[in-house]
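The values are calculated or read from the model by the stated rules, or taken from the named source; none is laboratory data. The structure displayed is predicted, hence computed values, not measured ones. Because the Cβ atoms are built from the backbone with ideal geometry, glycine has one as well, and the counts that use them run over all protein chains shown.
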Amino acid sequence: MNNQIPFFLARVAIGVSLLGHGLVRIPKLSGFSAWMVDKFKDSLLPSALVTPFSYALPFAELIAGLLIVLGLFTRLGLTIGSWIMIILIFGSSMVEDWGAIPSQLIHVAFLTVLLVFEHSHNSYALDKMIRK
């Protein structure tokens, strides 16, 4: 079986998820930030950390998603996406949002599995065109 096609489809799917998260949050950035700060007000995390993170998160999601979808600096995009999810898992734990964690774990599982196979299966990518 040609493993490049399933890899491509999985890469694009997870990339679109991250890209979509960023795209919908950026137009309502201040509202998203206020929601996140309010969600964490009773947690151990100080608003001095939550506030800048809430403003950076949508841009990080957008950039990671775009890199992954395009297959441009794919390893970097997958790594950034994984760290975003790990941070979100930690944050969800701090507010006991156990319902959010399965989705975040699925994202990080997809991202890290893709990272394992990126070198051998990432044929349909801008990275491949650049390396020629």
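Scanning region 3-15 for residues being outside any loop (DSSP other than H, G, I, E, B) and loosely packed, with under 15 Cβ neighbours inside 10 Å gives a total of 4. Are any of the residues in region 33-50 under 17 Å from the mean Cα position of the chain (by Cα) and among the polar types (S, T, N, Q)? Checked region 33-50: no residue is under 17 Å from the mean Cα position of the chain (by Cα) and among the polar types (S, T, N, Q). All conditions but one from (1) closer than 13 Å to LEU18 by Cβ; (2) surrounded by 16 or more Cβ atoms within 10 Å (Cβ to Cβ) apply to GLY71; the one that does not is (1).
HIS21 falls short of the stated requirement of being at pLDDT below 95, of a type outside the set (Asp, Glu) and part of a helix (DSSP H, G or I).
Comparison of SER82, SER17, SER93 shows that the only residue that is farther than 26 Å from SER123 by Cα and hydroxyl-bearing (Ser, Thr, Tyr) is SER93. For region 27-45, name all the residues that are in contact with a Phe, Trp or Tyr (Cβ under 7 Å, 6 or more places away or on another chain) and surrounded by 15 or more Cβ atoms within 10 Å (Cβ to Cβ). Of everything in region 27-45, just one residue is in contact with a Phe, Trp or Tyr (Cβ under 7 Å, 6 or more places away or on another chain) and surrounded by 15 or more Cβ atoms within 10 Å (Cβ to Cβ), namely SER33. Considering the conditions (1) touching a residue at least 40 places away in the same chain (Cβ under 8 Å); (2) among the β-branched types (Val, Ile, Thr); (3) farther than 29 Å from ILE130 by Cα, ILE86 is excluded by exactly one of them, (1).
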